[in-house]
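Below you'll find the structure, written out as structure tokens, and then a few comments.
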Amino acid sequence: MSMIYLDHAATTQMTEEVERAMEPYLREKFGNASTEYSYGVDAGRAVEHCRAVIAETLEAKPEEIYFTSGGSESDNWAVKGVAGAYKKQGTHIITSKIEHHAVLNSCEYLERLGYSVTYLDVDEDGMVSAEQLARAIRPDTTLISVMYGNNEVGTIEPIARIGQIAREHGILFHTDAVQAYAQVPISTRALPIDLLSASAHKFYGPKGVGFLYIREGVKMPSFIHGGGQERGKRAGTENVPGIVGMGKAAEAAHRGMRVYKQRETMLRNYLMEKVKREIPDTRINGHRYHRLPGNVSFSFRGVDGASLLILLEEDGICASGGSACNTGASRVSYVIEALGVPEDYAAGTVRMTLGRESTREEVDAAVESLKRNVRALRC
């Protein structure tokens, strides 16, 4: 039985184009990018070429791009780095209740060190209120961290307005763009963003590599101490094949973004409308329009989401849940709780995220499986 993959927000399949770009740096061009003989020089040039490519996709400068192991490291570096570098100016951070755990757990870590963190509520669509954020600012606020697009429900936050408020108050603004980068256009020239996180495996690149954009002039300490890689900010031998793969994936994603975005948005809307029309007592989570192109989150009344996911897999459909099992007990996702989804719907949450290769036929098959299995679970 062939599988229908509808979990692209979790990870994407690396493309053949990316694999071909990486292959030489796994074998014949295996040099350490920090060495000065030909093998190393070739590897170093490849790394800098990819830095320039990624910078161009953001309308940034190459020297503002720092390579990391992925989104979690980038988020940790952004939050902890700013907190440490600007501690004399203040120890207050503002974030939202629906951030990725890489941000939330970093903030909790800082709270244990004596920092103060304000966790903003969101509305029923998962949207942060710019007005509430502005009211939360204090004289000692040094960082605002709000994600670009939510991984669970797809809502795109008012990044331009949040960044503007931060800039007006002289506060640094970080956005976790792991789900949004290469999915929607992002310009650091047009948007008041000071730090931005991204991860290659979310846009058809390899796992274990990502980057952090740090606007020129922002003070940031070294995150990993050791050698002088990444201009002394992040020690460790460069993951040359991974960086090359990420650069190629970013280039391809931005080259085809208009087409991919339009197609995934149309297919997403078709999925949302079909499920809402054909399965009674269904909620669509997240903003109806201001959402990531391929992201859909459903909550089905009177259904156990974990059981539904098992039945979907038996039908050959890969999706993910808005709830998780913790020590044998079902626990509703903190994002779904923050949106105020009613209890009789919240436990029946399923996320389906589309990709470039998703088809209408796959969506139709997924909806038929949902209809049949939701009906069975409600009996």
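At a glance:
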quantity: Exposed-loop-free span, longest in the chain, where chymotrypsin sites (Phe, Trp or Tyr not before Pro) count as exposed if DSSP calls them loop and at most 16 other C-beta atoms lie within 10 Å; calculated: 38-288
quantity: Rg to Rh quotient for region 1-160, alpha carbon positions, Kirkwood Rh; calculated: 1.06
quantity: Exposure ranking of D75, D281 by accessible area [1.4 Å probe, largest first]; calculated: D281, D75
quantity: Rg [Å, one decimal], Dmax [Å, integer] - region 260-379, C-alpha atoms; calculated: 13.6, 41
quantity: Computed accessible area, T353, all protein chains, 1.4 angstrom probe, square angstrom; calculated: 0
quantity: Which listed pairs, of K80/K202; K207/K276; K87/K261; K29/K261; K29/K80; K80/K274, have C-alpha distances above 32 Å, in listed order; calculated: K207/K276; K87/K261; K29/K261; K29/K80; K80/K274
quantity: DSSP beta bridge pairing in the chain, given as percent antiparallel to the nearest 5; calculated: 55
quantity: Cα-based helix-to-principal-axis angle, 305-314 vs the chain, degrees rounded to 10; calculated: 90
quantity: Most fluctuating residue given options G208, G305, G242, as computed from a GNM of the chain linking Cα atoms under 10 Å; calculated: G208
quantity: log10 of Debye I(q)/I(0), alpha-carbon scatterers only, for region 56-145 at 0.15, 0.18, 0.23 Å⁻¹; calculated: -0.64, -0.88, -1.17
quantity: Per residue, in Å², the accessible surface of the chain once ligands and nucleic acids are set aside, probe 1.4 Å; calculated: 43
quantity: Local electrostatic count at L58 - Lys and Arg +1, Asp and Glu -1, tallied over other residues with Cβ under 10 Å; calculated: -1
quantity: Kirkwood Rh in Å, taken over region 129-233 so that all alpha-carbon pairs contribute; calculated: 15.0
quantity: Between helix 71-85 and the chain: long-axis angle, C-alpha atoms, 0 to 90°, nearest 10; calculated: 50
quantity: Carbon + sulfur, % of accessible area of region 132-231 - ligands and nucleic acids excluded, 1.4 Å; calculated: 53
quantity: Cα coordinate range in region 333-379, projected on the principal axes (Å, largest first); calculated: 32, 30, 10
quantity: HN-Hα J in Hz across region 52-66 - Karplus 6.51, -1.76, 1.60, θ = phi - 60°, x for Gly and Pro; calculated: 5, 4, 5, 4, 5, 5, 9, 6, 10, 9, x, 6, 9, 9, 10
quantity: Highest-MSF residue in the chain out of D194, D125, D344 [GNM, Cα springs under 10 Å]; calculated: D344
quantity: Cα centroid separation, region 247-324 to region 331-351 (Å); calculated: 16
quantity: Charge tally in the Cβ shell below 14 Å around G71, where Lys, Arg are +1 and Asp, Glu are -1, G71 excluded; calculated: -2
quantity: Calculated P(r) tail over 23 Å for region 1-85, as whole % of Cα pairs; calculated: 45
quantity: Expected 222 nm ellipticity per residue - DSSP helices of 4 or more, -39500 (n - 2.57), all of the chain, to 500; calculated: -12500 deg cm²/dmol
quantity: Per-residue HN-Hα couplings for region 210-225 [Karplus 6.51, -1.76, 1.60; θ = phi - 60°; Hz; x = Gly/Pro]; calculated: x, 8, 10, 7, 10, 4, 3, x, 7, 6, 9, x, 5, 9, 10, 8
quantity: Per principal axis, descending, Cα span of region 97-149 in whole Å; calculated: 33, 26, 15
quantity: Kirkwood hydrodynamic radius of the chain, from inverse mean 1/r over distinct Cα pairs, in Å; calculated: 21.6
quantity: Degrees, to the nearest 10: 360-378 long Cα axis against longest axis of the chain; calculated: 60
quantity: Region 1-45 - Rg (one decimal) and Dmax (whole number), Cα, Å; calculated: 16.3, 51
quantity: Exposed trypsin sites (Lys or Arg not before Pro) absent - longest run of the chain, DSSP non-H/G/I/E/B, at most 10 other C-beta within 10 Å; calculated: 89-188
quantity: Top of T57, T359, T12 by mean-square fluctuation, Gaussian network on the chain, Cα under 10 Å; calculated: T359
quantity: Shape category assigned to region 200-240 from the gyration tensor of Cα positions, a/c cut at 1.5; calculated: oblate
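The values are calculated or read from the model by the stated rules, or taken from the named source; none is laboratory data. In this text the structure is predicted, and so the values were computed from the model without any measurement. No Cβ is skipped: glycine too gets one built from the backbone with ideal geometry, and neighbour counts run over all protein chains shown. What goes into the accessible areas is simple: the full protein's heavy atoms, side chains included, and nothing from ligands, DNA or RNA. Shrake-Rupley method; radii C 1.70, N 1.55, O 1.52, S 1.80 Å.
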